Amino acid sequence: MSLPPLTSHGERIDDLVIGGLQIIQLPEEFCFTLDAVLLAHFASVAPGVKAVDLGTGTGAVALLLAARGAQVIGIELNPRSAGMAARSVKLNQLESTVSIVCHDLKLIREILPSGEFPLVVANPPYRVPGHGLLNPKDTVAAARHELTATLADVIAAARYLVKYRGRFALVHLPERMAEILKAMTDAGLEPKRLRLVYPYPDKKPKFLLVEGIRGARPGLEVLPPLFVYSAPGEYSQEIREYYQADLDNGNDGAR
C-alpha cells in the first residue's frame with residue numbers, strides 16, 4: 001500500500017493503538033489524546049450507523065468510530081487539520097467508510113441535511129476565552145478554547161443533524177456539567193447517560209462523558225466511574241480493553 005504524502009514539514013504518522021489504525025499528525029499543533037478514545041468508546045454505535053463527528057480535528061474520533069462499524073462524516077474548520085484527517089482516511093483505506101469535510105460547523109445547514117443522522121459526536125474546545133492560558137499558536141488555542149465555536153454552537157449543530165430518537169455524545173470538562181446538561185435539555189437532546197472519568201480513585205474527575213437522545217423523556221442514568229489508571233503508569237483493565245495492542249509502547253495518549 002502506498003502512503004499518502006506527508007506534505008507539511010514535521011508531520012508524522014502515529015499509531016492509534018486500536019485496530020491497527022494510524023493517524024497523520026503535526027506535533028507542534030494539537031494531537032489526539034485520551035479523550036478521543038473515551039468518546040469513541042462511550043458513544044452508542046450500531047453496525048453501519050451514519051454518524052457525524054463535529055470538529056474532527058485530525059480525525060481520531062472519526063477513525064475510531066469507523067473501527068466500531070460506523071459510517072462517519074468528519075467536519076473540521078481548520079484546512080490543515082482537515083487535510084491531515086483526509087490523508088489518514090486514505091492511509092487506513094477507509095475512503096468508503098469515512099469522509100472529511102472542511103467546513104464551519106456553525107454553517108452546517110449549508111452542507112448536510114437536517115434530522116437524518118442517528119449519531120452525532122463532539123470533542124469540542126473545553127474552555128471559554130479568559131479561562132486558562134491561550135496557546136500562542138492560533139490552531140492550538142482554537143482546539144482548546146471556544147474561539148471558533150462555542151458549546152452552544154456545537155449543541156445547535158448536533159440538534160440540527162440528529163434524527164428523532166437519535167443520539168448525541170459529548171466529552172467535556174466535569175466543571176461545566178450543569179451548563180452542558182441544561183444546554184442539551186433546552187435543545188431537546190435529553191441527557192440519558194453520564195459517566196465521569198477519573199485518573200485514579202482518589203483524584204478529582206478529569207472528563208465528563210454524556211449522551212443525549214433527541215425527543216426522549218427526562219431520566220438520566222449515571223454510570224459507574226471510569227478510572228484511567230490502576231497504578232502509576234498502568235492502565236486500568238477497562239481502558240486496556242479499549243486497546244487491542246500492547247500498551248507498553250509508550251503511546252498513552254494522555255493529555
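The values are calculated or read from the model by the stated rules, or taken from the named source; none is laboratory data. From a predicted model like this one, the values you see are computed outputs, not experimental measurements. Using ideal geometry, Cβ is built from the backbone for each residue, glycine included, and neighbour counts are taken over all protein chains shown. Quick note on the areas: whole protein, heavy atoms, side chains included, nothing else; ligands and nucleic acids left out. Shrake-Rupley method; radii C 1.70, N 1.55, O 1.52, S 1.80 Å.
Some observations on this one:
- Criterion violated by HIS172 - all others in (1) surrounded by fewer than 16 Cβ atoms within 10 Å (Cβ to Cβ); (2) modelled with pLDDT of 95 or more satisfied: (1)
- Count of residues meeting criterion [over 18 Å from the mean Cα position of the chain (by Cα) and hydrophobic (A, V, I, L, M, F, W, C)] in segment 10-25: 1
- In segment 194-222, residue most open to solvent (accessible area, probe 1.4 Å) [restricted to those that are in a loop (DSSP other than H, G, I, E, B) and touching a helix residue (DSSP H, G or I) at 6+ places or on another chain (Cβ under 9 Å)]: LYS204
- Any hit, segment 112-126, residues being touching a residue at least 12 places away in the same chain (Cβ under 8 Å), open to solvent by less than 30 Å² (accessible area, probe 1.4 Å) and either closer than 22 Å to GLU241 by Cβ or touching a Pro at 6+ places or on another chain (Cβ under 9 Å) (or both): yes
- Beta carbons closer than 9 Å, at least 6 apart along the sequence or on distinct chains, pair a first residue in segment 64-80 that is farther than 15 Å from ILE108 by Cβ and assigned to a loop (DSSP other than H, G, I, E, B) with a second that is of a type in the set (Lys, Arg) and open to solvent by 40 Å² or more (accessible area, probe 1.4 Å) for ALA70/LYS50.
- Some residue of segment 8-23 being closer than 27 Å to THR148 by Cα, of a type outside the set (Asp, Glu), open to solvent by less than 10 Å² (accessible area, probe 1.4 Å) and modelled with pLDDT of 95 or more: yes
- The residue that is farthest from GLN93 (Cα to Cα), counting only those in segment 24-45 that are open to solvent by 40 Å² or more (accessible area, probe 1.4 Å) and modelled with pLDDT under 95, is GLU28.
- In this entry, LEU107 passes the filter for residues that are outside any strand (DSSP E or B) and either on the phi < 0 side of the Ramachandran plot or over 14 Å from the mean Cα position of the chain (by Cα) (or both).
- Pairs are defined by a Cβ separation below 6 Å, a sequence spacing of at least 6 or placement on different chains, a first member in segment 30-49 that is small (Gly, Ala, Ser), and a second member that is open to solvent by less than 20 Å² (accessible area, probe 1.4 Å) and part of a helix (DSSP H, G or I); the pairs so defined are ALA36/ALA60; ALA36/VAL61; ALA40/VAL61; ALA40/LEU64; ALA40/LEU65.
- Residue in segment 84-101 that is more than 25 Å from PHE207 (Cβ to Cβ) and open to solvent by less than 20 Å² (accessible area, probe 1.4 Å) present: yes
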